[in-house]
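To start, the structure itself, in structure tokens.
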Amino acid sequence: MTNTVQVHRVYIKATPERIWDAITQPEWSQKYGYTGLVDFDLKVGGKHRTRPTQAFIDAGMTGDLVDGEVLEVDPPRKLVITWKLLMGIDGMESEPYTTVTYDIEATKTAGTRLTVTHDLTGAPLTAEMVGGVHENIDAGPGENAGGGWAWVLSDLKSLLETGEILVP
């Protein structure tokens with residue numbers, strides 16, 4: 001799964017507005033996936049970052065986990081951002097910013113379709129990480145955990161549909 005462009009899709013029994021909030025608001029983002037606290041300036045050219053939760057801080061990771069810039073914003077349908085993981089495997093720090101596109105679309109019969117398209121041009125180590133090559137979902141904060149987008153989206157789906165995350 002180290003393709004230059006990775007596409008991940010999940011269908012969620014939730015409104016587009018609820019999914020948008022889960023992606024862009026820290027009270028949601030701290031509950032699923034890697035549990036960072038997102039901070040978005042939701043305008044073109046606005047900055048975004050993911051700050052560490054207390055578990056990351058306790059593990060010695062006190063700086064931002066992800067940062068980038070907002071390229072396109074159309075709530076609750078589309079968000080395009082540059083994205084750089086500031087933690088991870090050795091060598092990732094020298095890789096360029098990548099582009100993540102969130103497309104959120106209500107369907108008539110299958111809930112809401114969330115498609116995450118991640119353009120990883122020039123970032124093979126990041127591609128491995130987000131593609132799940134280094135999968136270790138049992139790792140704690142600060143350890144190499146590479147369940148990637150598939151795991152994050154599965155956890156988001158579980159949280160929105162049941163109120164529970166995959167791994168409490």
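Nothing in this text is a laboratory measurement; each read-out follows from the coordinates by a stated rule. The structure presented is a predicted model; accordingly, all values stated were derived computationally and were not measured. No Cβ is skipped: glycine too gets one built from the backbone with ideal geometry, and neighbour counts run over all protein chains shown.
Given 0.36 nm per residue, what is the gain on full extension from K47 to K78 after removing their alpha carbon distance, in nm? List each step's numbers first, then the result.
Values: separation 31, 0.36 × 31 = 11.16 nm, distance 1.63 nm.
That works out to 9.5 nm of additional length.
List every residue whose amide H lies under 5 Å from the amide H of L86, counting only residues 5 or more places away in sequence or on a different chain, with H placed 1.01 Å from N in the peptide plane. So L86 has HN proximity to V66, D67.
Size descriptors for the chain: radius of gyration and Dmax over Cα atoms are 14.9, 46 Å.
Taking R0 as 30 Å, what's the FRET efficiency between E105 and S158 from their Cβ-Cβ distance, rounded to 0.05?
Working: r = 20 Å, r/R0 = 0.67.
Efficiency for this residue pair is about 0.90.
Counting only whole DSSP H helices of the chain, there are none at least 24 Å long by C-alpha along their axis and with mean Kyte-Doolittle hydropathy no lower than 1.6.
Using a 10 angstrom Cβ neighbour count of at most 13 plus a DSSP loop assignment to flag exposed GluC sites (Glu not before Pro), which longest range of the chain is free of such sites? Segment 1-142 is the longest. GNM on the chain, alpha-carbon springs under 10 angstrom: the most fluctuating residue among I57, I19, I104 is I57. With K and R counted +1 and D and E -1, the other residues having a Cβ less than 13 Å from that of T4 yield a net charge of -3.
How large is the helix-only mean residue ellipticity at 222 nm for the chain, computed as the sum of -39500 (n - 2.57) over DSSP H runs with n ≥ 4, divided by its residue count, in deg cm²/dmol to the nearest 500? The partial results should precede the final answer.
Values: 5 runs with 41 residues, N = 168.
The helix contribution divided over the chain gives -6500 deg cm²/dmol.
Counting lysine pairs in the chain whose alpha carbons fall under 17 angstrom apart, excluding pairs fewer than 8 residues apart on the same chain, gives 6.
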